[in-house]
Amino acid sequence: MGGAVPMGFDVKDKALVVNEPKARSIQTIFAEYIATVSVWELSTRLNEQGLVSKLRTNRHGRTTGCEAFSRGALYNILCNPVYIGRTHHKDAIYDGLHQAIIDEAIWQNVQALLADHGGRKIKTQRRAARP
């Protein structure tokens, strides 16, 4: 299986299988985002709850993770269709062979909130840096 294994899953026989304790963390992330509608606030709330990123070990034995979620990592989780039992390849999304962690209705709600609260153009003029 190429790439990093998404949080909430383990790999068994080259297939994604749900890791129940970590899946509950993913469910918490989605629920807290719906409650806050702010990735900034979500990051703060998860940190207060002690939820941390997945511990990963690379092929050289170096470990990373097990630390507070960055906002970028949270956006990646909230936008990843793997959590509704799908997978993406190139520009298309396909049904996966793995079990979903997040309900389709929750997923659609989060995607709508993200679309409504992100990616807006900045309306104010930016000032030039001082020499």
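The values are calculated or read from the model by the stated rules, or taken from the named source; none is laboratory data. The model shown is predicted, which means the values in this text are computed figures rather than measured ones. Glycine gets a Cβ as well: all are built from the backbone with ideal geometry, and neighbour counts include every protein chain shown. These area figures cover heavy atoms from the full protein model, side chains too; ligands, DNA and RNA do not enter into them. Shrake-Rupley method; radii C 1.70, N 1.55, O 1.52, S 1.80 Å.
Compute the long axis of helix 39-49 from its Cα atoms, compare it with the longest principal axis of the Cα atoms of the chain, and write down the angle in degrees, 0 to 90, nearest 10.
Here the helix axis deviates by roughly 60 degrees.
Given a 1.4 Å probe and every protein chain left where it sits, what share in percent of the accessible area of segment 37-83 is carbon and sulfur?
In segment 37-83, the share of accessible area belonging to carbon and sulfur is 47 percent.
Just to confirm, what accessible area per residue do you get for the chain at 1.4 Å probe, in whole Å²?
71 Å²
Taking the Cβ of residue 28 as the centre, find all other residues whose Cβ is under 15 Å away and add up their charges (Lys, Arg: +1; Asp, Glu: -1).
-1
I need to check one value: relative contact order of segment 1-57, counting alpha carbon pairs closer than 8 Å and at least 6 residues apart, in percent.
Reported as a whole number, the value is 24 percent.
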